[in-house]
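Please treat every number below as a calculation from the coordinates, not as lab data. Here the structure is a predicted model, which means the values were calculated and not measured. Ideal geometry is used to build each Cβ from the backbone, glycine not excepted, and the neighbour counts take in all protein chains shown.
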Amino acid sequence: MNLKKQIGAVFLALALAPAYVIAQDMEFNGTIVSKEEKSIKVKTKDGEKMLAIGTKTKGIENAKDGAKVNIKYTEQDGQLRASEINPR
């Protein structure tokens, strides 16, 4: 591989890295405070968080008031979106 192709490959990898980091799931533990049609409020050790939920959210049946849960989520456009809700 010549030098130009190597440099191009490095720049491509650097350009794609932020998209990969943003798409990764993050997670936390908490207690469900309330559930609405398109969002849930969860109490964590750091305070309360509001997360968007939708038809693609797995384990939505675990989001009952007072339930202790582990939530996997992503952040898109400054909004937290739950991708999976599991009981603890």
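What full-extension length gain, to one decimal in nm, is calculated for SER34 and VAL10 as 0.36 nm per residue of separation minus the Cα-Cα distance?
4.0 nm
Between LYS56 and ASN2, what FRET efficiency follows from the Cβ-Cβ distance if R0 is 41 Å, with the result rounded to 0.05?
It comes to 0.40.
For the chain, take the longest principal axis of its alpha carbons; what is the angle in degrees between that and the long axis of helix 3-23, to the nearest 10 within 0 to 90?
Result, in degrees: 10.
Name the residues whose placed amide hydrogens come within less than 5 Å of the amide hydrogen of GLY59, ignoring near sequence neighbours (fewer than 5 apart) on the same chain.
Amide H neighbours of GLY59: ILE85.
With the dipole of the chain worked out from charges on the C-beta (+1 for Lys and Arg, -1 for Asp and Glu) around the Cα centre, which of GLY47, ASN86, ASN2 lies farthest toward the positive end?
Most positive-ward Cα: ASN2.
Can you tell me the dipole magnitude for the chain around its Cα centre, using point charges on the Cβ only (Lys, Arg +1; Asp, Glu -1), in Debye to the nearest 20?
180
For LEU80, enumerate residues with amide H under 5 Å from its amide H, sequence gap 5+ or separate chain, H modeled in the peptide plane.
ALA52
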